[in-house]
Amino acid sequence: MEIIHLSAECYPVAKVGGLGDVVGALPKYQNKLGHTAKVVMPAYHTKFLLEHEFEVVYDGLVKLGFRNFPVRILREKTNKLGFDLYLVHIEGLTDREGVYGYGDDTERFLAFQIAALDWMAQWEHKPDVIHCHDHHTGLVAFMTAYCGQFRSLASVPTVLTIHNGQYQGQFGWDRLHLIPSFDLWKAGLLEWRGAINPLAAAIKCSWKITTVSPSYLEEIKHSANGLESLLSQEWAKSAGILNGIDNEVWNPATDPMLYKAYDLKTAETGKAENKAELCSVFNLDVSKPLFTFIGRLVGEKGADLLPDIFYNMLSQYGKEIGILVLGSGDPQVEGRLNHLKQMFEGSYNVFIGYNEQLSHQIYSGADFLLMPSRVEPCGLNQMYALRYGTIPVVRRIGGLKDTVTDIGDGGFGICHDQSNVWDVSRAMGRAMELYGDQNKVGEIRKFIMQLDHSWDKAAQEYINLYQI
């Protein structure tokens, strides 16, 4: 089976969040099952593009409304990612360092989708499945079904995976002319709440829909930023498949980014050495429980609560606790987190920005990982933490509920029900009590490092879905 994954992100080419991790791993595991999975994504001006060798497999123009843009599709020659990688270079649109955040993002991702379909429409054969990820590729299912220039792809099944339904890519009807010609009687398939909504169009037109965890599939029936009724209507073609992690990348025994590699047998000393080095770099007391937060500093992650949570905990416990934050996002949250450094030097620190190597080092050196999310469709950070023997402290929501069981229920993590200062602070207090029993911590650590959250099972579930 030939599977084409269309995505705005793919680790390590370009990653902003969990979408990049998923698209960087799922195709590799599908190939291991004997299929041919490929990734097609925009060609951003990134370090990966500059440092690897590519060949041009397609050269032409992409028509976007009344304008034509030169387009080249590049194939990475070495197959080093475990799958064929194709980058769509559109002059003036994709050739920028950033993935998102530009005023013409609608045009950028629409042109990417059109260019990718133009290319596939010329193939002598047709792929077995086109797998689209989030709203950035949300118009593909509509265009293959109803735009004349892609008629040759109309019989190819399309699958949509919703990684985060809060982001939908809406734009006004004044940009309708950017979409290739189609029968205007079908325009209703593009519409939701008075605008063109790519995610809504994908939900309507895709052959199958998946979410990145079973619990998130249930939650979006009640909380999907306005799409609740539509998702209920399309329920019969929907499935929740829990994301996995790439055990080859996230393996403390072989991870080159760590200060000290360790496995199940050497976990106690290995984590101790990594924690010591981490605390040395960030001026923290290695003898105290080290809590960390890794991720985007945005409301859906509960990051706006962190300054008040940390102030409360640091004021209450003084030098009996250590806290380290890695992330970026809301400037106000960044500023408040930075301000705490001056107040609690030696017990608290923060690194504002994105640093892949540091994230690996924190997973290996921290005792607890905080995820007080308001929205968490799947969550990968808690799975990385488990793999590295770091105990997750999470809210019971989405994929966090599917992957972390509270120690009070015979499990291995610490869970809370609400995303607020009191609930998270109380959960951190429970974690500090647990830290006082190092024998129990050691037992939990050995157990969680053996949990299997690899992509093997999920990759097969996707194959089964394609074949229905």
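The values are calculated or read from the model by the stated rules, or taken from the named source; none is laboratory data. Just so it is clear, the model here is predicted, and its values are computed rather than measured. Reconstructed Cβ throughout: ideal geometry from the backbone, glycine too, with neighbour counts over all protein chains shown.
Among the residues of the stretch 233-247, those identified as over 15 Å from the mean Cα position of the chain (by Cα) and either part of a strand (DSSP E or B) or without any contact (Cβ under 8 Å) to a residue 24 or more places away in the chain (or both) are Q233, W235, A236, S238, A239, G240.
Reported count of residues in the stretch 340-368, each being in a helix (DSSP H, G or I), more than 25 Å from L380 (Cβ to Cβ) and touching a residue at least 12 places away in the same chain (Cβ under 8 Å), is 2.
Scanning the stretch 260-269 finds no residues that are within 22 Å of the chain's Cα centre (by Cα) and not assigned by TED's automatic domain parsing to the domain that holds G379. Of everything in the stretch 439-459 that is farther than 20 Å from D246 by Cα and touching a residue at least 60 places away in the same chain (Cβ under 8 Å), the residue that is surrounded by the most Cβ atoms within 10 Å (Cβ to Cβ) is V441. Within the stretch 42-62, which residues are closer than 27 Å to L326 by Cβ and in contact (Cβ under 8 Å) with a residue 60 or more places away in the chain? Within the stretch 42-62, just P42 meets the criteria.
Considering the stretch 176-200, the residues that are in contact (Cβ under 8 Å) with a residue 24 or more places away in the chain, out of contact with any Asp or Glu (no Cβ under 8 Å at 6 or more places or on another chain) and assigned to a helix (DSSP H, G or I) include one that is surrounded by the fewest Cβ atoms within 10 Å (Cβ to Cβ), namely H177.
Here Q316, Q357 are screened, and the one residue that is surrounded by fewer than 16 Cβ atoms within 10 Å (Cβ to Cβ), under 30 Å from I245 (Cα atoms) and out of contact with any helix residue (DSSP H, G or I) (no Cβ under 7 Å at 6 or more places or on another chain) is Q357.
Within the stretch 117-126, restricting attention to residues that are out of contact with any helix residue (DSSP H, G or I) (no Cβ under 7 Å at 6 or more places or on another chain) and assigned to a loop (DSSP other than H, G, I, E, B), the residue that is surrounded by the fewest Cβ atoms within 10 Å (Cβ to Cβ) is E124.
Residue selection: V286 satisfies the criterion of being in the same structural domain as S364 (by TED's automatic domain parsing), modelled with pLDDT of 95 or more and under 17 Å from G436 (Cα atoms).
The set of residues in the stretch 277-297 being touching a helix residue (DSSP H, G or I) at 6+ places or on another chain (Cβ under 8 Å) and either among the hydroxyl-bearing types (S, T, Y) or surrounded by fewer than 19 Cβ atoms within 10 Å (Cβ to Cβ) (or both) consists of E277, D285, V286, T292, R296. Just to be sure before I move on: is L305 assigned by TED's automatic domain parsing to the domain that holds Q357, over 30 Å from I463 (Cβ atoms) and not acidic (D, E) in the structure I sent? For L305, the condition - assigned by TED's automatic domain parsing to the domain that holds Q357, over 30 Å from I463 (Cβ atoms) and not acidic (D, E) - is met.
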